[in-house]
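Chemist: Structure incoming, see below.
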Amino acid sequence: SQLAQPLLLQRIVRAVAAHEQGEGMWLAVLVGLNGVVGSLAKEQQLFATFCLGAELRSLSVALVYRTALSLRAASAPPSTANLLSNDAQKLLDALPLIHLLWACPLMILVAALLLVDLAGVAALAGIGLLLTMIPLNLLLVRRLKAARAAHLPHSDARVARCLELVKGVRALKFHGWDAA
């Protein structure tokens, strides 16, 4: 539906320029219907993938905790289950967008072809500029990945301190040493 909007608007402009009111009205209705159908289809896809992602997250968290409970305490650090359940949450976050891996390149290709068809050879300069931005984007992604990797030890230390704090509170409550 995203690619149909500009084409419909182009036909509306041509219909208005040719003083064809009837065709212009139907095309305007089609623009509205295109938006409604596109939104409904997108929301249905997001709902289905969120449901699937929630099921996958539940299964993976259950598997992580079952495995963590079956392991001895010495064989795996206690924060392992928390870290793995966070990874399961990232799976839930990424699943609705996973189809964009194939859809975005296809949409870009179709949009580029439409742009060349509508604007002519001059559109190739804009497409060339977009293509030259790919290495810059890759450089930024690599730097972001390095920054996240540098942040990971700090995050692990924070999780370890929080876990130690919770263990201390449990010990206080268990032995009745709290003032409450």
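The values are calculated or read from the model by the stated rules, or taken from the named source; none is laboratory data. Owing to the predicted nature of the structure, the values given are computational and were not obtained by experimental measurement. Neighbour counts are summed over all protein chains in view; Cβ atoms, including those assigned to glycine, are modelled from backbone coordinates with ideal geometry. Heavy atoms of the whole protein, side chains included, go into the accessibility calculation; ligands, DNA and RNA do not. Shrake-Rupley method; radii C 1.70, N 1.55, O 1.52, S 1.80 Å.
Chemist: Quick one: how many residues across segment 15-64 are open to solvent by less than 80 Å² (accessible area, probe 1.4 Å) and acidic (Asp, Glu)?
Modeler: Qualifying residue count, segment 15-64: 1.
The rows are residues; the columns are (1) open to solvent by 70 Å² or more (accessible area, probe 1.4 Å); (2) closer than 30 Å to residue 7 by Cβ; (3) among the hydrophobic types (A, V, I, L, M, F, W, C); (4) free of Cβ contacts under 8 Å to residues at least 40 places away in the same chain.
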residue: 115; (1), (2), (3), (4): yes, yes, yes, yes
residue: 121; (1), (2), (3), (4): yes, yes, yes, yes
residue: 126; (1), (2), (3), (4): no, yes, no, yes
residue: 142; (1), (2), (3), (4): yes, no, no, yes
residue: 150; (1), (2), (3), (4): no, no, yes, yes
residue: 153; (1), (2), (3), (4): yes, no, no, yes
residue: 161; (1), (2), (3), (4): yes, no, no, yes
residue: 171; (1), (2), (3), (4): no, no, yes, yes
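Chemist: Mind checking whether some residue in segment 38-52 is over 19 Å from residue 1 (Cα atoms) and at pLDDT below 85?
Modeler: Looking through segment 38-52, none of the residues is over 19 Å from residue 1 (Cα atoms) and at pLDDT below 85.
Chemist: Another question, if that's okay. Return yes or no: is residue 16 among the aliphatic types (A, V, I, L, M) and more than 28 Å from residue 110 (Cα to Cα)?
Modeler: On the way: among the aliphatic types (A, V, I, L, M): yes; more than 28 Å from residue 110 (Cα to Cα): no.
No: the conditions fail for residue 16.
Chemist: Within segment 103-113, work out how many residues are surrounded by fewer than 13 Cβ atoms within 10 Å (Cβ to Cβ) and of a type in the set (Gly, Ala, Ser).
Modeler: 1
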